[in-house]
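Since the structure comes first, as C-alpha cells, the remarks are kept for the end.
Nothing in this text is a laboratory measurement; each read-out follows from the coordinates by a stated rule. For clarity, every value in this text was computed on a predicted model and none was experimentally measured. Glycine gets a Cβ as well: all are built from the backbone with ideal geometry, and neighbour counts include every protein chain shown.
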Amino acid sequence: MHIPRLFHPELAAAKPAAAHPVLESVYLATDPNGRATLTASDGCCLLQVPVDREPEDQDGSLPPALLALASRAAGRHADTFQLTATADTLSYPTPTGRIRQERPITAGAFPAFAGRLPTGRPRARLALDVSLLARLAKALGSPVILLDVFAPDQPFLIHPLSHTQRDCLAVLMPYSSDEAFVETSNPDACDTPAASHPAGLCPALSASV
C-alpha cells in the first residue's frame, strides 16, 4: 500500500499494555467498494485515513512502529511511503534494500465503530488552529482545557480544567487575521480550497445554526 506521509495513524493507536490489546495496532480494512483505510484508536479517540491498497496487501492489524519506520525510510521529500502487508509478511523499501519481518498475529477483531458515529448534518463546524490552542494550553499549564463558545462574533474563553488553576483564563479572538473558527448552517460551504483563504481556514459564513 502507498500511504501519504501527511498522515500518521500510528500516533492514534493505543500505547502498549492498553486495556484492549487489539487497539495497540493500526488496522487495514477494505470496504466492498474497494476503498482502503487505516484506522487506529486508543479507546478515547479514533482516526481513519485513506490509503492506496495494492493487490498483495491483506487486511488486518499492523504494528504502529513499523509505519513510522517505513515513513522515515521513504525520506523527507517523498509524498508517500510504501508498506507491503501480505498474509504473513510486512516489508518496506529502504535505500539499501527491502526490510522484511514476520507479520504478528493480533488476537481479537478491531472494534466495530461505524455504528457509533454521528449521522446527519452537523449543527455547527468549528475550524481551530490546534497549534495555537496547544500553545495556550501550555501557557495555562494544563493539558486539558475547557472551551467556552458563546456566539460566532464573540471570543472563545479558555480555562484550564484543573480547579487549582481556576483563576487562569485565555481568550481566543474569532475574527482576527488568523481566523479561528467557523459556525455555519451550511457545513458544505466550508469545503472550498484552503488556498483561497489567507489562513487556510474557511471564513465565517453565517451566524445562524
Over the range 2-116, what lengths in whole Å, largest first, do the semi-axes of the equivalent ellipsoid take, defined as the square roots of 5 times the eigenvalues of the alpha-carbon gyration tensor?
22, 15, 15
Can you pull the Kirkwood radius for the range 101-175, inverse mean 1/r over Cα pairs, to one decimal in Å?
15.9 Å
Per-residue HN-Hα couplings for the range 94-111, Karplus 6.51 cos²θ - 1.76 cosθ + 1.60 at θ = phi - 60°, whole Hz, x for Gly and Pro?
10, x, 10, x, 9, 8, 10, 8, 5, 7, x, 8, 9, 6, x, 9, 4, x
³J(HN,Hα), Karplus 6.51/-1.76/1.60, whole Hz, each residue of the range 52-68, x for Gly, Pro:
9, 7, 9, x, 7, 6, 10, 4, x, 7, 10, x, x, 4, 5, 5, 5
Pop a pseudo-label 7 angstrom from the Cα along the beta-carbon direction at both R100 and R121 and give the gap in nm to one decimal.
5.4 nm
Cβ charges +1 (Lys, Arg) and -1 (Asp, Glu), total dipole of the range 1-117, debye:
300 debye
For the range 1-50, shape from the Cα gyration tensor axes a ≥ b ≥ c, cut at a/c of 1.5 then a/b versus b/c, turns out prolate
Any residue on another chain or 5+ positions along whose placed amide H is under 5 Å from the amide H of V26 is listed here as L62
If you place +1 on the Cβ of every Lys and Arg, -1 on the Cβ of every Asp and Glu, and leave all else neutral, what size is the dipole of the range 72-144 about its Cα centre, to the nearest 20 Debye?
300 debye
Neighbour net charge for A18 - beta-carbon separation under 15 angstrom, K R +1, D E -1
-2
Long-range amide H partners of I99 with built H, under 5 Å
Y92, T94
Computed FRET efficiency, Cβ-Cβ of A87 and A17, R0 25 Å: what is it to the nearest 0.05?
0.35
Could you please report the charge total around A139, scoring K, R as +1 and D, E as -1 over all other residues with beta-carbon less than 15 angstrom from its beta-carbon?
0
The ³J(HN,Hα) series, computed from each phi in the range 119-131 with the Karplus coefficients 6.51, -1.76 and 1.60 at θ = phi - 60°, rounded to the nearest Hz and given as x for glycine or proline, is 10, x, 8, x, 6, 8, 10, 10, 10, 10, 7, 5, 5
